[in-house]
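Here's the structure we're looking at; comments come further down.
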Amino acid sequence: MLNIMEVHETNQMIEQEKLDVRTITMGISLLDCAADTVDEVCDNIYRKITTYAKDLVPTGEAIERDYGIPIVNKRITVTPISLVGASCCRSSEDFVKIAHALDRAAKEVGVDLIGGYSALVSKAMTPAEEMLIRSLPQALSETDIVCSSVNVGSTKTGIDMNAVELLGHIIKDVAERTADNDSYGCVKFVAFCNVPDDNPFMAGGFHGVTEGDAVINVGVSGPGVVSRALDAAKGRDFEFLCETIKRTAFKITRVGQLVAQEAARRLGVPFGIIDLSLAPTPAVGDSVGEVLEKIGLEQVGAPGTTAALAMLNDQVKKGGIMASSYVGGLSGAFIPVSEDKNMIDAAASGCLTIEKLEAMTCVCSVGLDMIAIPGDTTAATISGIIADEAAIGMVNQKTTAVRVIPVAGKGVGEMANFGGLMGYAPIMPVNQAGCEAFVTRGGRIPAPIHSFKN
Amino acid sequence: MNKAIITVVGHDTVGIIARVCTYLAERHVNVLDISQTIIDGFFNMMMIVDVTDASEEFGTIVEDLDKLGEEIGVRIRCQREEIFTKMHRI
């Protein structure tokens, strides 16, 4: 039978260490919404989302109440819209209409964000995919909660440098069009390499074409819990440290597993995966940076940061994987600068640089995330940053991503404020040396030699 | 059996258990086990209860106990048992 100390420990995690379930995300296939005209497609999409997800938010709230665990976000992911709209969209404006339909449907059911205004162009772009990408400045500035992602490369296909080059211009344009709001539009867009099909987190979540009609995926959180647990590991060796992280990750993930199974059962939708990422928030004590500092760094960004993060990421996976039957998505430690108090401080003090963050992305679960850069950064430089990250993912057979915000009208040292969980960030300096001749060559970077495993 | 865990945390005062138990009895919630201890100077009480035959919706019981706690000046939580068993039992 349960004892009082175990019950106390769980409630302490929830009340004082900010343990929560970060998101319940319902994936919905929109492949059957394709039709001859844009208006028909929009109607089909609106109807399907508002039917399938009508009980998502109330069900999430009921689970929160029954188990006493906060579920911070309820979200929806859909099939990449470049596929759904390919049959009917003849222009970028047509795609924007679909973005509005997604925005309306998501607001109707009351979710926080909807992801999947996406294109998978890891080898090359179809005309529809290019139109969707070109629609992003309008789509992201005119809608509120639609998120977008573009997969520009993979270990199997190489990197589509035409798409990478185009995205540099697109990200600049999105930033300009949302200049009044610290270029918030860029917060809703992420470029990927090796993107997973079942990611419940935003902005990169979409419902992959390998998925069924609908699915429930859950993203857990809990850097605060790991951080508190590490107080007991102060001065101890790596074996003790790793064991502590593993045990904690196990407990966190079990809560996610419970919530996922319960949500799937109540909604009558199959359970997909648990994403066992450590996802920080700007709140004090809910920081991956703090965890790294407790491992022994004076400040995140110091020499040793990459090794500490590699170890943390690995232990989180080892602990979490035993706690759930199906682990997927991104699963690891996130390092979004603007969403992590200790990373914000380290970036502001100059201890944490973009170059160090790039090194960290070789061993963390995603990539350069929520980094504010000067508004006058060139499109070519942004493309170069995306190409570098994609290359890290491609060669290391891992997911990498870029979500940078070239904050219009602001420069190094100023702050950008994105609000809420998206946080705030000091604008970080970017290497100014040119790379235009590299990113504008055209074509694609071939797949690496070790991808040929057949 | 449909079990829930009720926890009370706060300063110890006369009649806390009596008031919680009275509320539960009136709603046909059966108390299976009670334990209490002092953690970090705070009174901690835990009840394991059976809500299978409860005459109220579980959500209502959660809200009512929360309000009762506010009246008494302690924190009362009522949670389904699985969140604890999943976390602490393999």
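Observations
- Other protein chain Cβ atoms within 10 Å, averaged over every residue that makes up A:63-69: 6
- Rounded to 5, the percent of DSSP beta bridges in chain A classed as antiparallel: 35 percent
- Global form of the range B:3-87, assessed from the alpha-carbon gyration tensor, a/c cut-off 1.5: oblate
- Gain in span if fully extended, A:Ala283 to A:Met322, counting 0.36 nm per residue against the direct Cα distance: 11.2 nm
- A DSSP coil position with no more than 13 other Cβ atoms inside 10 Å describes the following GluC sites (Glu not before Pro) in chain B: B:Glu57.
- Computed from the Cβ-Cβ distance with R0 of 51 Å, the FRET efficiency linking B:Thr13 to B:Ile90 stands at 0.85.
- For A:Lys123, a cut-off of 22 angstrom between C-alpha atoms picks up these lysines, skipping any fewer than 8 places away in its own chain: A:Lys156, A:Lys398, A:Lys453.
- Shielding value for A:347-359 is 0, the average number of Cβ atoms from other chains within 10 Å of each residue's Cβ.
- Alpha carbon centroid spacing (whole Å) that separates the range A:126-185 from the range A:73-106: 14 Å
- With N the number of residues in the protein assembly as shown, Rg(Cα) / (2.2 N^0.38 Å) evaluates to 1.01.
- Set of lysines near B:Lys3 by C-alpha distance (under 20 Å), chain-local residues within fewer than 8 positions excluded: B:Lys86
- The phi torsions of the range A:82-89, fed into the Karplus equation with coefficients 6.51, -1.76 and 1.60 and a -60° offset, translate into couplings of 4, 7, 5, x, 4, 6, 10, 7 Hz, rounded to whole numbers, with Gly and Pro shown as x.
- Fewest neighbouring Cβ atoms within 10 Å first, the residues A:Phe238, B:Phe42, A:Phe201, A:Phe452 line up as A:Phe452, A:Phe238, B:Phe42, A:Phe201.
- Shape of the range A:159-226 from the C-alpha gyration tensor: oblate (a/c of 1.5 or more and a/b not above b/c, with a ≥ b ≥ c the square roots of its eigenvalues).
- Net charge in the neighbourhood of A:Val407 (other residues with Cβ under 15 Å of its Cβ; Lys, Arg +1, Asp, Glu -1) is -1.
- The ranking of A:Met322, A:Met343 by Cβ neighbour count inside 10 Å, starting from the fewest, reads A:Met322, A:Met343.
- In order through the range B:76-89: 3J(HN,Hα) via Karplus (6.51 cos²θ - 1.76 cosθ + 1.60), integer Hz, x for Gly, Pro: 10, 10, 10, 10, 4, 4, 4, 4, 7, 5, 4, 6, 10, 10
- Taking amide hydrogens as placed 1.01 Å from N in the peptide plane, the amide H of B:Asp12 sits under 5 Å from those of B:Phe43, each at least 5 positions away in sequence or on another chain.
- Relative contact order (%) - chain B, alpha-carbon pairs under 8 angstrom, separation at least six: 41 percent
- Efficiency of FRET from Cβ geometry, A:Arg266 and A:Asp39, R₀ 30 Å, rounded to 0.05: 0.30
- Taking a straight line from the alpha carbon of A:Lys234, these aspartates and glutamates sit under 12 Å away, with near neighbours fewer than eight places off in the same chain left out: A:Glu293.
- Cβ-defined net charge surrounding A:Asp32, 10 Å radius [Lys, Arg +1; Asp, Glu -1]: 0
- Chain A: relative contact order in percent, alpha carbon pairs under 8 Å with at least 6 residues between: 17 percent
- Computed from backbone phi, the HN-Hα couplings of the range A:149-158 come to 8, 9, 8, 9, x, 7, 4, 7, 10, x Hz, rounded to whole numbers (Karplus: 6.51 cos²θ - 1.76 cosθ + 1.60, θ = phi - 60°; Gly and Pro given as x).
- Order of A:Ile133, A:Ile4 under a 10 Å beta carbon neighbour criterion, fewest first: A:Ile4, A:Ile133
- Dividing the summed helix terms, -39500 (n - 2.57) for each DSSP H run of n ≥ 4, by the number of residues in chain A produces a 222 nm estimate of -14000 deg cm²/dmol to the nearest 500.
- Rounded Å value of the spacing that divides the Cα centres of the range B:16-89 and the range A:198-237: 30 Å
- Remark: the B:Asn2-B:Arg75 segment gains 24.0 nm on full extension, using 0.36 nm per residue and subtracting the alpha carbon distance.
- FRET efficiency for B:Thr60 and B:Ile38, using Cβ-Cβ distance with R0 set to 35 Å, rounded to 0.05: 0.70
Bear in mind these aren't lab numbers, they're just calculated from the coordinates by the rules spelled out. Predicted, not measured: the structure shown is a model, and the values here were computed from it. When we count neighbours, we look across all protein chains shown, and the Cβ atoms used for this are built from the backbone with ideal geometry, even at glycine.
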